[in-house]
1. Among the residues of region A:53-69 satisfying the criterion of being more than 22 Å from residue B:89 (Cβ to Cβ) and at the interface with chain B (Cβ under 9 Å from one of its Cβ atoms), which is nearest to DNA strand C (Cβ to nearest atom)?
2. Would it be correct to say that residue B:47 is among the hydrophobic types (A, V, I, L, M, F, W, C) and over 27 Å from residue A:102 (Cα atoms)?
3. Of the conditions (1) more than 7 Å from chain A (Cβ to nearest Cβ); (2) more than 16 Å from DNA strand D (Cβ to nearest atom); (3) under 23 Å from the mean Cα position of the chain (by Cα), residue B:50 fails just one. Which one is it?
4. Specify the residue that is most open to solvent (accessible area, probe 1.4 Å); the eligible residues are those in region B:3-47 that are near DNA strand C (Cβ under 9 Å from one of its atoms) and in contact with a Lys or Arg (Cβ under 9 Å, 6 or more places away or on another chain).
5. Name the pairs whose Cβ atoms lie under 8 Å apart, with the first residue in region B:26-47 and within 14 Å of chain A (Cβ to nearest Cβ) and more than 8 Å from DNA strand D (Cβ to nearest atom), the second of a type in the set (D, E, K, R) and open to solvent by 30 Å² or more (accessible area, probe 1.4 Å), and 6 or more positions between them or separate chains?
6. State whether one or more residues within region B:81-103 are more than 7 Å from chain A (Cβ to nearest Cβ) and at pLDDT 80 or above.
7. Applying the selection to region B:138-171, what residues are open to solvent by 20 Å² or more (accessible area, probe 1.4 Å), touching a Gly at 6+ places or on another chain (Cβ under 8 Å) and either at pLDDT below 80 or of a type in the set (Asp, Glu) (or both)?
8. When region B:180-212 is examined, which residues are found to be closer than 14 Å to residue B:151 by Cα and in contact with an Asp or Glu (Cβ under 7 Å, 6 or more places away or on another chain)?
Protein chains: 2
Amino acid sequence: MSDTTGRTLRLLSLLQAHREWPGAELAERLGVSPRTLRRDVDRLRELGYPVHSVSGPAGGYRLEAGTAMPPLLLDDEEAVAIAVGLRTAAAGTVAGIEETSARALAKLEQVLPSRLRRRVNTLHTQTVALPGALPRPWPAVDAETLAVLAQAARDRERLRFGYRDRDGAESARLAEPYRLVSAGRRWYLVAWDTGREDWRTFRVDRMTAPRAVGVRFAPREPPEGHIERSIVAPISRHRAVVTLHAPLEVAADRIWPSDHVRLEAVDERTCLLRTGGDSLEWLALTIGLLDLDFTVHEPPELADRMRRLAGRLRADQGSTEPPERQ
Amino acid sequence: MSDTTGRTLRLLSLLQAHREWPGAELAERLGVSPRTLRRDVDRLRELGYPVHSVSGPAGGYRLEAGTAMPPLLLDDEEAVAIAVGLRTAAAGTVAGIEETSARALAKLEQVLPSRLRRRVNTLHTQTVALPGALPRPWPAVDAETLAVLAQAARDRERLRFGYRDRDGAESARLAEPYRLVSAGRRWYLVAWDTGREDWRTFRVDRMTAPRAVGVRFAPREPPEGHIERSIVAPISRHRAVVTLHAPLEVAADRIWPSDHVRLEAVDERTCLLRTGGDSLEWLALTIGLLDLDFTVHEPPELADRMRRLAGRLRADQGSTEPPERQ
DNA sequence: GAGTCGCGGTCAGGTTCCGGCCGCGATCGG
DNA sequence: CCGATCGCGGCCGGAACCTGACCGCGACTC
């Protein structure tokens with residue numbers, strides 16, 4: 001049995017499925033001796049995939065980001081999610097990468113098992129069937145954060161983060177994430193709060209700087225039906241509050257309405273814009289492009305960013321001819 | 001030299017990059033004898049990946065859809081496209097798979113090289129429809145069709161399809177696809193029409209039942225500027241020429257390569273960007289988000305728009321308190 | 001019908017792989 | 001500070017594997 005290639009692939013798959021593994025468990029799963037496992041790991045390293053290792057108790061192996069993409073080993077659901085995401089992106093929901101998305105989609109669909117293809121079809125038609133509601137404004141959630149949370153929950157790693165509760169009070173938390181839940185556009189993390197010694201449901205948008213602390217914990221089940229809560233506000237990294245020195249109607253005319261935008265009149269010549277976004281540059285530019293006089297109230301960083309951008313933009317635009325027509 | 005595992009991986013990668021390969025070429029690329037190649041193919045089959053083969057001249061190997069997902073071997077752009085698609089899907093743009101998308105994203109981001117991560121970030125913020133540039137409903141292009149076209153173009157396979165031209169006249173076409181181009185919400189296929197013996201640009205939504213006919217053709221280059229003339233120019237109202245005060249590599253890293261974008265080095269610290277778009281605001285936004293110093297040469301309106309934008313951003317007084325807390 | 005191409009059997013020689021054993025060093029907990 | 005745990009990598013011997021070469025066969029195209 002020419003097992004070694006397949007085993008190496010299986011090892012890669014395991015390393016992608018969980019972030020960190022103790023060597024002994026890997027060896028057992030692959031059905032080889034620990035010595036051979038070390039050799040397999042070396043093989044992966046020689047192939048250019050950086051496998052990081054930690055000595056001592058609680059040591060183990062983990063696959064890190066290197067300079068080249070390793071082969072992605074996906075389970076069924078993930079493959080479906082990717083296919084659906086690519087279809088949507090190719091449909092023009094995401095600007096600028098349509099053609100590449102189509103190419104990636106071609107590659108994936110070439111090898112996509114037919115039972116999965118069926119699922120992709122039903123899912124895709126389900127989601128795109130809302131022509132009116134299709135053009136989404138900006139992303140509701142910080143994807144980076146989601147990825148961190150999903151990973152911590154998957155790998156059963158303790159999570160440290162700041163949390164701002166309903167009343168705005170900040171606190172530092174240490175929790176054992178159980179599952180990431182999305183309800184509508186909102187995301188929640190169900191977790192065991194080790195400080196409070198109880199189950200909590202955290203709104204993801206109120207969490208700050210979550211990071212896996214590297215300590216694994218024993219799984220734990222939450223009580224039946226623990227996952228209920230209701231909230232309103234959108235989820236984005238930066239929330240902006242800006243006064244626009246223009247009548248409400250004028251402003252409303254230039255702003256693409258969405259869940260993430262609130263516009264209220266202050267008086268007949270002024271209105272207040274509340275909005276949010278993942279990047280300060282994005283906020284600065286979209287606000288600036290409204291072409292209205294405005295005053296930024298929050299966040300303070302936004303004003304800084306605007307000044308910096310203004311500096312870039314000011315520099316003698318259009319004064320010169322392009323260098324040379326090659 | 002323990003090459004065999006890596007070679008098997010490389011073989012898998014080749015089989016995903018093109019649909020069909022003649023055995024001799026695969027053997028040469030992998031640097032082994034044809035006999036060994038056959039053994040490698042057998043190995044893949046034993047691992048459960050269905051490699052189909054065709055005898056006779058024009059024979060070769062092709063990887064087909066099996067019962068399990070094979071490891072996906074992605075190039076940089078594809079990886080970025082998938083990451084962006086997943087982020088968007090996870091953010092709730094696509095209903096029903098948010099949690100799975102987040103999981104897949106975690107898996108991908110764990111191994112995503114950092115240079116790609118930057119591209120994902122800048123791209124991700126651009127997913128929004130602009131105020132002003134309202135997304136009008138468009139004859140939806142079938143993702144399945146797109147995948148077929150992208151694959152045929154990639155693999156250089158002749159394509160047979162029906163086409164309904166501007167006047168509604170139907171015709172059957174046989175063409176050698178060159179490239180799939182997306183402009184705005186529309187898709188075009190640039191191809192050599194073997195019947196007309198000339199280059200044609202087909203609108204994808206007017207094509208019916210395209211399918212790869214299985215015949216490979218020798219690649220052929222369209223005349224210089226053909227794509228720009230037939231698609232980019234008519235579609236994008238504004239064509240911009242901008243000097244970026246950054247090395248080519250830095251700029252290339254932040255700009256999504258597409259048919260609408262040309263980037264050339266001027267010297268070691270400067271490069272020239274040519275791009276196009278429907279709206280000045282969109283152009284200003286994408287250029288502004290690059291976070292690079294730049295100088296706009298064309299069009300003059302864009303330079304004006306940038307100056308105005310700079311004025312707005314600078315004019316903000318940055319007062320701290322909003323008028324009244326509602 | 002000729003030529004091309006994939007298929008798979010066989011063989012021989014060299015290489016690799018594996019498990020077991022060892023001492024080493026890093027890390028964590030007491 | 002010490003001991004336990006875990007990853008590291010050298011070494012060994014025997015078994016297994018991999019490779020290239022050669023062969024005749026069958027499928028397919030022109």
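1. A:62
2. Answer is yes for this residue.
3. (3)
4. B:4
5. Here the result reads B:30/B:10, each pair linking region B:26-47 to a residue that is of a type in the set (D, E, K, R) and open to solvent by 30 Å² or more (accessible area, probe 1.4 Å).
6. Yes, that holds for at least one residue.
7. Selection gives B:138, B:170.
8. Those that are closer than 14 Å to residue B:151 by Cα and in contact with an Asp or Glu (Cβ under 7 Å, 6 or more places away or on another chain): B:180, B:181, B:191, B:212.
The values are calculated or read from the model by the stated rules, or taken from the named source; none is laboratory data. Not measured: the values here are computed from a predicted model. Reconstructed Cβ throughout: ideal geometry from the backbone, glycine too, with neighbour counts over all protein chains shown. Heavy atoms of the whole protein, side chains included, go into the accessibility calculation; ligands, DNA and RNA do not. Shrake-Rupley method; radii C 1.70, N 1.55, O 1.52, S 1.80 Å.
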